[in-house]
1. Could you tell me the center-to-center distance, by alpha carbons, between segment B:33-97 and segment B:147-192 in angstrom?
2. Translational D (Stokes-Einstein, µm²/s) of segment A:1-122 at 37 °C and 0.692 mPa s when Rh comes from the Kirkwood sum over C-alpha pairs?
3. Size of the protein assembly as shown along its principal axes in angstrom, Cα-based, largest extent first?
4. Per residue, how big is the convex hull of chain A when only Cα atoms are used? Give it in Å³.
5. I want the local charge near B:Gly84. Using Cβ-Cβ distances under 12 Å, sum +1 for each Lys or Arg and -1 for each Asp or Glu among the other residues.
6. Helix A:18-27: angle to the longest alpha-carbon principal axis of chain A, degrees 0 to 90, nearest 10?
7. Take the Cα radius of gyration of segment B:101-165 and divide it by 2.2 N^0.38 Å, with N its residue count; two decimals is plenty.
8. Over the Cα atoms, compute the radius of gyration (one decimal) and Dmax (the largest Cα-Cα distance, rounded to a whole number) for segment B:51-151, in Å.
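The values are calculated or read from the model by the stated rules, or taken from the named source; none is laboratory data. Predicted model only: the values in this text are computed from it and were never measured. Ideal geometry is used to build each Cβ from the backbone, glycine not excepted, and the neighbour counts take in all protein chains shown. The protein model used for the area step is the full one, side chains on, heavy atoms only, and it has no ligands, DNA or RNA in it. Shrake-Rupley method; radii C 1.70, N 1.55, O 1.52, S 1.80 Å.
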There are 2 protein chains.
Amino acid sequence: VPASTTIRRLADRARYDRATLDEVLDAAYVAYVGVVVDGAPVVLPFACARIGDELILHGSNRAGTLTTVAGGTPVCATVTLVDGLVLARSGFHSSMNYRSAAIHGVARIVSDPVEKRRLLDAVVDRLLPGRSAQIRGLTEGELEATLVAALPLTTFSAKVRSGGPKDAPEDLSATGIWGGVIPLVTSFGAPIPDDATAAGVPAPSVTR
Amino acid sequence: VPASTTIRRLADRARYDRATLDEVLDAAYVAYVGVVVDGAPVVLPFACARIGDELILHGSNRAGTLTTVAGGTPVCATVTLVDGLVLARSGFHSSMNYRSAAIHGVARIVSDPVEKRRLLDAVVDRLLPGRSAQIRGLTEGELEATLVAALPLTTFSAKVRSGGPKDAPEDLSATGIWGGVIPLVTSFGAPIPDDATAAGVPAPSVTR
(Lines give C-alpha, C1' and ligand atoms only; values in the text may rest on other atoms or scores of the structure.)
Protein backbone atom coordinates (compact mmCIF):
# COMPACT_ATOMS: atom_id res chain seq x y z
CA VAL A 1 0.00 0.00 0.00
CA PRO A 2 1.58 3.30 -1.03
CA ALA A 3 1.99 5.78 1.81
CA SER A 4 -0.19 8.37 0.07
CA THR A 5 -3.23 6.12 0.24
CA THR A 6 -2.67 4.77 3.73
CA ILE A 7 -5.59 5.67 5.96
CA ARG A 8 -4.34 7.14 9.22
CA ARG A 9 -7.62 8.20 10.79
CA LEU A 10 -9.61 5.32 12.33
CA ALA A 11 -7.29 2.88 10.63
CA ASP A 12 -9.28 -0.12 11.89
CA ARG A 13 -11.95 0.80 9.35
CA ALA A 14 -9.49 0.75 6.46
CA ARG A 15 -9.57 -1.88 3.73
CA TYR A 16 -7.12 -2.32 0.91
CA ASP A 17 -8.50 -5.42 -0.81
CA ARG A 18 -10.03 -5.52 -4.27
CA ALA A 19 -13.10 -7.42 -3.07
CA THR A 20 -14.13 -4.53 -0.82
CA LEU A 21 -13.26 -1.97 -3.49
CA ASP A 22 -15.30 -3.80 -6.11
CA GLU A 23 -18.28 -4.14 -3.77
CA VAL A 24 -18.30 -0.39 -3.17
CA LEU A 25 -17.79 0.56 -6.81
CA ASP A 26 -20.37 -1.91 -8.08
CA ALA A 27 -23.05 -0.49 -5.79
CA ALA A 28 -22.44 3.13 -6.78
CA TYR A 29 -23.93 5.16 -9.60
CA VAL A 30 -21.72 8.18 -9.31
CA ALA A 31 -18.01 8.74 -8.69
CA TYR A 32 -16.75 12.11 -7.52
CA VAL A 33 -13.74 12.83 -9.63
CA GLY A 34 -11.19 15.40 -8.54
CA VAL A 35 -8.56 17.05 -10.70
CA VAL A 36 -6.34 20.07 -10.26
CA VAL A 37 -7.14 23.02 -12.54
CA ASP A 38 -4.94 26.11 -12.25
CA GLY A 39 -3.73 24.93 -8.86
CA ALA A 40 -7.21 24.54 -7.41
CA PRO A 41 -9.28 21.39 -6.94
CA VAL A 42 -12.32 20.69 -9.10
CA VAL A 43 -14.63 17.84 -8.07
CA LEU A 44 -17.37 16.74 -10.43
CA PRO A 45 -19.77 13.79 -10.34
CA PHE A 46 -19.64 11.28 -13.18
CA ALA A 47 -21.70 8.20 -13.84
CA CYS A 48 -19.29 5.35 -13.25
CA ALA A 49 -19.01 1.65 -13.88
CA ARG A 50 -16.31 -0.78 -12.94
CA ILE A 51 -15.43 -2.90 -15.94
CA GLY A 52 -12.74 -5.42 -15.05
CA ASP A 53 -9.78 -3.67 -13.47
CA GLU A 54 -10.74 -0.13 -14.39
CA LEU A 55 -13.30 2.46 -13.42
CA ILE A 56 -14.94 3.69 -16.61
CA LEU A 57 -16.05 7.31 -16.89
CA HIS A 58 -17.67 8.78 -19.96
CA GLY A 59 -19.12 11.99 -21.22
CA SER A 60 -19.07 14.49 -24.00
CA ASN A 61 -15.85 15.09 -25.87
CA ARG A 62 -16.53 18.76 -25.25
CA ALA A 63 -16.90 18.43 -21.49
CA GLY A 64 -14.10 20.52 -20.03
CA THR A 65 -13.47 18.59 -16.86
CA LEU A 66 -13.60 15.14 -18.42
CA THR A 67 -10.98 16.13 -21.00
CA THR A 68 -8.82 17.21 -18.06
CA VAL A 69 -9.52 13.90 -16.27
CA ALA A 70 -8.43 12.01 -19.38
CA GLY A 71 -5.49 14.29 -20.09
CA GLY A 72 -2.75 12.51 -18.16
CA THR A 73 -3.08 14.50 -14.96
CA PRO A 74 -3.41 12.98 -11.46
CA VAL A 75 -6.98 12.03 -10.66
CA CYS A 76 -8.80 11.01 -7.48
CA ALA A 77 -12.14 9.24 -7.87
CA THR A 78 -14.15 8.76 -4.69
CA VAL A 79 -17.33 6.81 -4.10
CA THR A 80 -19.36 6.58 -0.90
CA LEU A 81 -22.51 4.71 0.04
CA VAL A 82 -24.22 6.00 3.16
CA ASP A 83 -25.85 3.04 4.90
CA GLY A 84 -27.28 4.62 8.00
CA LEU A 85 -27.28 7.26 10.72
CA VAL A 86 -25.60 6.07 13.90
CA LEU A 87 -27.14 7.79 16.90
CA ALA A 88 -25.19 7.77 20.13
CA ARG A 89 -26.02 9.46 23.47
CA SER A 90 -23.61 12.25 22.55
CA GLY A 91 -23.05 14.12 19.33
CA PHE A 92 -19.35 13.34 19.59
CA HIS A 93 -19.93 9.60 19.35
CA SER A 94 -22.68 9.80 16.76
CA SER A 95 -21.62 8.76 13.29
CA MET A 96 -22.73 7.31 10.00
CA ASN A 97 -22.43 3.83 8.60
CA TYR A 98 -20.86 3.93 5.17
CA ARG A 99 -18.77 2.18 2.57
CA SER A 100 -16.28 4.40 0.83
CA ALA A 101 -13.44 4.06 -1.64
CA ALA A 102 -10.92 6.42 -3.20
CA ILE A 103 -8.86 5.60 -6.28
CA HIS A 104 -5.76 7.58 -7.15
CA GLY A 105 -4.06 7.46 -10.51
CA VAL A 106 -3.90 8.66 -14.06
CA ALA A 107 -6.73 7.77 -16.42
CA ARG A 108 -6.17 6.67 -19.99
CA ILE A 109 -8.30 7.78 -22.91
CA VAL A 110 -9.93 4.86 -24.65
CA SER A 111 -9.39 5.76 -28.30
CA ASP A 112 -9.69 2.44 -30.09
CA PRO A 113 -13.26 2.53 -31.47
CA VAL A 114 -13.84 -1.19 -30.98
CA GLU A 115 -12.79 -1.10 -27.34
CA LYS A 116 -14.66 2.15 -26.81
CA ARG A 117 -17.90 0.69 -28.16
CA ARG A 118 -17.44 -2.45 -26.09
CA LEU A 119 -16.91 -0.44 -22.90
CA LEU A 120 -19.86 1.88 -23.51
CA ASP A 121 -22.12 -1.11 -24.14
CA ALA A 122 -20.76 -2.68 -20.95
CA VAL A 123 -21.59 0.50 -19.03
CA VAL A 124 -25.23 0.19 -20.18
CA ASP A 125 -25.31 -3.51 -19.34
CA ARG A 126 -23.85 -2.94 -15.88
CA LEU A 127 -27.04 -1.04 -15.03
CA LEU A 128 -29.43 -3.14 -17.08
CA PRO A 129 -28.07 -6.55 -18.13
CA GLY A 130 -28.72 -7.23 -21.79
CA ARG A 131 -30.07 -3.79 -22.59
CA SER A 132 -27.28 -2.78 -24.97
CA ALA A 133 -28.43 -5.54 -27.34
CA GLN A 134 -32.03 -4.32 -27.21
CA ILE A 135 -31.51 -0.62 -27.89
CA ARG A 136 -30.16 1.15 -30.94
CA GLY A 137 -26.35 0.94 -30.98
CA LEU A 138 -23.94 3.84 -31.08
CA THR A 139 -23.53 5.60 -34.42
CA GLU A 140 -20.04 6.50 -35.58
CA GLY A 141 -20.81 10.14 -34.83
CA GLU A 142 -22.00 9.36 -31.32
CA LEU A 143 -18.91 7.25 -30.72
CA GLU A 144 -16.68 10.12 -31.80
CA ALA A 145 -18.62 12.62 -29.68
CA THR A 146 -18.14 10.48 -26.56
CA LEU A 147 -15.04 10.57 -24.42
CA VAL A 148 -14.23 7.43 -22.46
CA ALA A 149 -11.69 7.56 -19.65
CA ALA A 150 -10.46 4.47 -17.81
CA LEU A 151 -8.89 4.75 -14.37
CA PRO A 152 -6.89 1.68 -13.30
CA LEU A 153 -7.76 0.13 -9.93
CA THR A 154 -4.19 -0.13 -8.76
CA THR A 155 -3.80 2.55 -6.08
CA PHE A 156 -6.81 2.75 -3.81
CA SER A 157 -8.13 2.59 -0.29
CA ALA A 158 -11.52 1.76 1.10
CA LYS A 159 -13.14 2.48 4.43
CA VAL A 160 -16.15 0.78 5.95
CA ARG A 161 -18.14 1.50 9.11
CA SER A 162 -20.99 -0.72 10.18
CA GLY A 163 -22.83 -1.57 13.38
CA GLY A 164 -24.27 0.42 16.24
CA PRO A 165 -23.00 3.44 18.15
CA LYS A 166 -19.91 3.23 20.34
CA ASP A 167 -20.92 5.40 23.24
CA ALA A 168 -18.69 6.49 26.04
CA PRO A 169 -19.37 3.95 28.84
CA GLU A 170 -20.54 6.63 31.26
CA ASP A 171 -23.25 7.72 28.79
CA LEU A 172 -24.92 4.33 28.63
CA SER A 173 -26.83 4.79 31.87
CA ALA A 174 -29.11 7.24 30.05
CA THR A 175 -31.44 4.46 28.93
CA GLY A 176 -34.20 6.94 28.12
CA ILE A 177 -32.25 8.27 25.14
CA TRP A 178 -32.77 6.28 21.96
CA GLY A 179 -29.49 4.99 20.58
CA GLY A 180 -28.95 2.82 17.56
CA VAL A 181 -28.96 2.92 13.78
CA ILE A 182 -31.48 4.40 11.39
CA PRO A 183 -30.73 2.59 8.12
CA LEU A 184 -30.64 4.53 4.89
CA VAL A 185 -31.90 2.53 1.96
CA THR A 186 -31.71 3.40 -1.72
CA SER A 187 -34.39 1.68 -3.75
CA PHE A 188 -36.21 2.01 -7.05
CA GLY A 189 -39.57 3.69 -7.38
CA ALA A 190 -42.22 2.52 -9.81
CA PRO A 191 -40.88 2.90 -13.37
CA ILE A 192 -42.42 5.81 -15.30
CA PRO A 193 -42.73 4.99 -19.03
CA ASP A 194 -42.73 7.87 -21.48
CA ASP A 195 -45.33 8.46 -24.17
CA ALA A 196 -43.36 6.62 -26.84
CA THR A 197 -43.45 3.33 -24.95
CA ALA A 198 -46.19 1.00 -26.17
CA ALA A 199 -48.67 -0.23 -23.58
CA GLY A 200 -47.64 -3.54 -22.07
CA VAL A 201 -43.90 -3.25 -22.72
CA PRO A 202 -42.31 -4.32 -19.44
CA ALA A 203 -39.84 -2.01 -17.73
CA PRO A 204 -36.29 -3.39 -17.60
CA SER A 205 -35.09 -4.61 -14.25
CA VAL A 206 -32.19 -2.80 -12.66
CA THR A 207 -29.44 -4.60 -10.82
CA ARG A 208 -27.93 -2.09 -8.44
CA VAL B 1 -21.10 34.34 -11.76
CA PRO B 2 -17.31 33.93 -11.85
CA ALA B 3 -15.98 32.39 -15.07
CA SER B 4 -14.41 29.48 -13.19
CA THR B 5 -17.79 28.25 -11.99
CA THR B 6 -19.71 28.85 -15.20
CA ILE B 7 -21.13 25.60 -16.52
CA ARG B 8 -20.38 25.21 -20.22
CA ARG B 9 -21.64 21.69 -20.80
CA LEU B 10 -25.46 21.45 -21.10
CA ALA B 11 -25.72 24.99 -19.85
CA ASP B 12 -29.53 24.86 -19.86
CA ARG B 13 -29.31 22.64 -16.79
CA ALA B 14 -27.19 25.14 -14.87
CA ARG B 15 -28.47 27.04 -11.85
CA TYR B 16 -26.72 29.76 -9.93
CA ASP B 17 -29.36 30.69 -7.35
CA ARG B 18 -29.10 30.11 -3.63
CA ALA B 19 -32.55 28.50 -3.44
CA THR B 20 -31.44 25.64 -5.72
CA LEU B 21 -28.09 25.37 -3.94
CA ASP B 22 -29.76 25.21 -0.53
CA GLU B 23 -32.24 22.58 -1.71
CA VAL B 24 -29.41 20.34 -2.90
CA LEU B 25 -27.24 20.84 0.17
CA ASP B 26 -30.11 20.39 2.60
CA ALA B 27 -31.02 17.03 1.06
CA ALA B 28 -27.47 15.66 1.18
CA TYR B 29 -25.70 13.78 3.94
CA VAL B 30 -22.25 13.81 2.44
CA ALA B 31 -20.15 16.38 0.59
CA TYR B 32 -17.18 15.27 -1.49
CA VAL B 33 -14.42 17.66 -0.60
CA GLY B 34 -11.43 18.07 -2.86
CA VAL B 35 -8.10 19.65 -1.99
CA VAL B 36 -4.71 19.66 -3.63
CA VAL B 37 -2.00 17.75 -1.75
CA ASP B 38 1.50 17.73 -3.25
CA GLY B 39 0.06 18.79 -6.58
CA ALA B 40 -2.45 15.94 -6.77
CA PRO B 41 -6.17 15.96 -6.01
CA VAL B 42 -7.55 14.28 -2.91
CA VAL B 43 -11.33 13.85 -2.64
CA LEU B 44 -12.83 12.66 0.63
CA PRO B 45 -16.42 12.37 1.83
CA PHE B 46 -17.48 14.41 4.85
CA ALA B 47 -20.77 14.59 6.66
CA CYS B 48 -22.06 18.05 5.83
CA ALA B 49 -24.70 20.47 6.97
CA ARG B 50 -25.64 23.86 5.61
CA ILE B 51 -25.94 26.28 8.51
CA GLY B 52 -26.94 29.72 7.24
CA ASP B 53 -24.56 30.85 4.54
CA GLU B 54 -21.88 28.23 5.10
CA LEU B 55 -21.37 24.52 4.57
CA ILE B 56 -20.17 23.06 7.85
CA LEU B 57 -17.72 20.17 7.84
CA HIS B 58 -16.36 18.57 10.97
CA GLY B 59 -14.09 15.80 12.05
CA SER B 60 -11.17 14.91 14.20
CA ASN B 61 -8.49 17.48 14.81
CA ARG B 62 -6.05 14.76 13.82
CA ALA B 63 -7.74 13.99 10.48
CA GLY B 64 -5.11 14.80 7.89
CA THR B 65 -7.36 15.88 5.06
CA LEU B 66 -9.70 17.99 7.15
CA THR B 67 -6.80 19.99 8.53
CA THR B 68 -5.77 20.62 4.93
CA VAL B 69 -9.35 21.62 4.05
CA ALA B 70 -9.35 24.10 6.92
CA GLY B 71 -5.82 25.31 6.26
CA GLY B 72 -6.52 28.19 3.90
CA THR B 73 -6.09 26.24 0.67
CA PRO B 74 -8.58 26.23 -2.22
CA VAL B 75 -11.39 23.75 -1.66
CA CYS B 76 -14.11 22.32 -3.87
CA ALA B 77 -17.09 20.69 -2.14
CA THR B 78 -19.48 18.78 -4.37
CA VAL B 79 -22.83 17.23 -3.58
CA THR B 80 -25.05 15.17 -5.87
CA LEU B 81 -28.42 13.51 -5.43
CA VAL B 82 -29.23 10.87 -8.02
CA ASP B 83 -32.98 10.93 -8.61
CA GLY B 84 -33.40 8.34 -11.33
CA LEU B 85 -32.14 6.39 -14.29
CA VAL B 86 -33.28 7.87 -17.59
CA LEU B 87 -33.61 5.14 -20.19
CA ALA B 88 -33.71 6.16 -23.83
CA ARG B 89 -33.80 3.97 -26.96
CA SER B 90 -30.07 4.50 -27.36
CA GLY B 91 -27.24 4.44 -24.86
CA PHE B 92 -26.13 7.82 -26.16
CA HIS B 93 -29.36 9.52 -25.10
CA SER B 94 -29.73 7.63 -21.84
CA SER B 95 -28.94 9.67 -18.76
CA MET B 96 -29.60 10.16 -15.08
CA ASN B 97 -31.81 12.61 -13.28
CA TYR B 98 -29.87 14.40 -10.60
CA ARG B 99 -29.41 17.53 -8.53
CA SER B 100 -25.82 18.58 -8.09
CA ALA B 101 -23.89 21.49 -6.65
CA ALA B 102 -20.25 22.47 -6.41
CA ILE B 103 -18.91 25.11 -4.05
CA HIS B 104 -15.48 26.65 -4.57
CA GLY B 105 -13.68 28.67 -1.96
CA VAL B 106 -11.50 28.73 1.09
CA ALA B 107 -12.86 27.36 4.35
CA ARG B 108 -12.35 29.03 7.69
CA ILE B 109 -11.55 27.19 10.90
CA VAL B 110 -14.18 27.82 13.53
CA SER B 111 -12.01 28.37 16.59
CA ASP B 112 -14.29 30.31 18.95
CA PRO B 113 -15.53 27.63 21.37
CA VAL B 114 -18.98 29.18 21.73
CA GLU B 115 -19.56 29.34 17.98
CA LYS B 116 -18.03 25.91 17.53
CA ARG B 117 -20.38 24.35 20.08
CA ARG B 118 -23.37 26.15 18.54
CA LEU B 119 -22.49 24.89 15.06
CA LEU B 120 -21.87 21.31 16.16
CA ASP B 121 -25.23 21.28 17.98
CA ALA B 122 -26.83 22.71 14.83
CA VAL B 123 -25.29 19.91 12.77
CA VAL B 124 -26.97 17.34 15.06
CA ASP B 125 -30.27 19.23 14.92
CA ARG B 126 -30.18 19.48 11.13
CA LEU B 127 -30.51 15.70 11.04
CA LEU B 128 -32.74 15.30 14.06
CA PRO B 129 -34.48 18.50 15.20
CA GLY B 130 -34.18 18.99 18.93
CA ARG B 131 -31.82 16.10 19.51
CA SER B 132 -28.86 18.19 20.68
CA ALA B 133 -30.92 19.23 23.74
CA GLN B 134 -31.75 15.60 24.54
CA ILE B 135 -28.31 14.06 24.39
CA ARG B 136 -25.23 14.68 26.49
CA GLY B 137 -23.48 17.88 25.36
CA LEU B 138 -19.91 18.21 24.18
CA THR B 139 -17.24 18.11 26.86
CA GLU B 140 -14.40 20.61 26.68
CA GLY B 141 -12.08 17.82 25.61
CA GLU B 142 -14.43 16.70 22.83
CA LEU B 143 -14.80 20.28 21.65
CA GLU B 144 -11.01 20.63 21.46
CA ALA B 145 -10.65 17.31 19.67
CA THR B 146 -13.11 18.36 16.98
CA LEU B 147 -12.18 20.45 13.98
CA VAL B 148 -14.95 22.53 12.43
CA ALA B 149 -14.47 24.03 8.99
CA ALA B 150 -16.94 26.45 7.40
CA LEU B 151 -17.03 26.97 3.64
CA PRO B 152 -18.87 30.13 2.53
CA LEU B 153 -21.62 29.73 -0.05
CA THR B 154 -20.42 32.56 -2.25
CA THR B 155 -18.92 30.89 -5.33
CA PHE B 156 -20.96 27.96 -6.51
CA SER B 157 -22.88 26.37 -9.34
CA ALA B 158 -25.67 23.87 -9.41
CA LYS B 159 -26.96 21.58 -12.11
CA VAL B 160 -30.32 19.85 -12.28
CA ARG B 161 -31.74 17.29 -14.70
CA SER B 162 -35.29 16.07 -14.44
CA GLY B 163 -37.91 14.52 -16.68
CA GLY B 164 -37.94 11.74 -19.24
CA PRO B 165 -35.47 10.73 -21.95
CA LYS B 166 -34.82 12.97 -24.92
CA ASP B 167 -34.49 10.42 -27.68
CA ALA B 168 -33.40 11.14 -31.20
CA PRO B 169 -36.67 11.53 -33.14
CA GLU B 170 -35.85 8.64 -35.48
CA ASP B 171 -35.52 6.28 -32.50
CA LEU B 172 -39.05 6.86 -31.24
CA SER B 173 -40.66 4.53 -33.74
CA ALA B 174 -39.25 1.60 -31.74
CA THR B 175 -42.29 1.49 -29.48
CA GLY B 176 -41.39 -1.99 -28.26
CA ILE B 177 -38.41 -0.67 -26.34
CA TRP B 178 -39.25 0.59 -22.88
CA GLY B 179 -38.23 4.22 -22.39
CA GLY B 180 -38.75 6.38 -19.37
CA VAL B 181 -37.46 6.96 -15.87
CA ILE B 182 -36.74 4.50 -13.10
CA PRO B 183 -36.80 6.68 -9.97
CA LEU B 184 -34.14 6.23 -7.33
CA VAL B 185 -35.47 6.83 -3.84
CA THR B 186 -33.49 7.13 -0.62
CA SER B 187 -35.56 6.29 2.42
CA PHE B 188 -35.14 5.21 6.01
CA GLY B 189 -35.37 1.62 7.09
CA ALA B 190 -36.84 0.53 10.41
CA PRO B 191 -34.72 2.02 13.24
CA ILE B 192 -32.53 -0.53 15.03
CA PRO B 193 -32.15 0.33 18.75
CA ASP B 194 -29.04 -0.85 20.54
CA ASP B 195 -28.99 -2.84 23.78
CA ALA B 196 -28.66 0.25 25.96
CA THR B 197 -31.97 1.71 24.78
CA ALA B 198 -34.81 1.02 27.20
CA ALA B 199 -37.87 -0.73 25.79
CA GLY B 200 -40.51 1.71 24.61
CA VAL B 201 -38.21 4.65 23.97
CA PRO B 202 -39.35 6.00 20.58
CA ALA B 203 -36.79 6.39 17.80
CA PRO B 204 -36.19 10.00 16.79
CA SER B 205 -37.66 11.07 13.49
CA VAL B 206 -35.24 12.12 10.78
CA THR B 207 -35.93 15.03 8.49
CA ARG B 208 -33.89 14.43 5.37
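1. Using only Cα atoms, the two centres lie 17 Å from each other.
2. Working: Rh = 16.2 Å.
In µm²/s, the coefficient rounds to 202.
3. 66, 49, 42
4. Details: hull volume 35.6 nm³, N = 208.
Roughly 171 Å³ of hull volume per residue.
5. Details: positive: B:Arg99, B:Arg161; negative: B:Asp83.
Within the 12 Å Cβ shell, the charges total +1.
6. Once rounded, the angle reads 70 degrees.
7. Details: Rg = 16.3 Å, N = 65, 2.2 N^0.38 = 10.7 Å.
Its radius of gyration relative to the 2.2 N^0.38 Å reference: 1.51.
8. Taking only Cα atoms of segment B:51-151, I get Rg and Dmax of 18.0, 59 Å.
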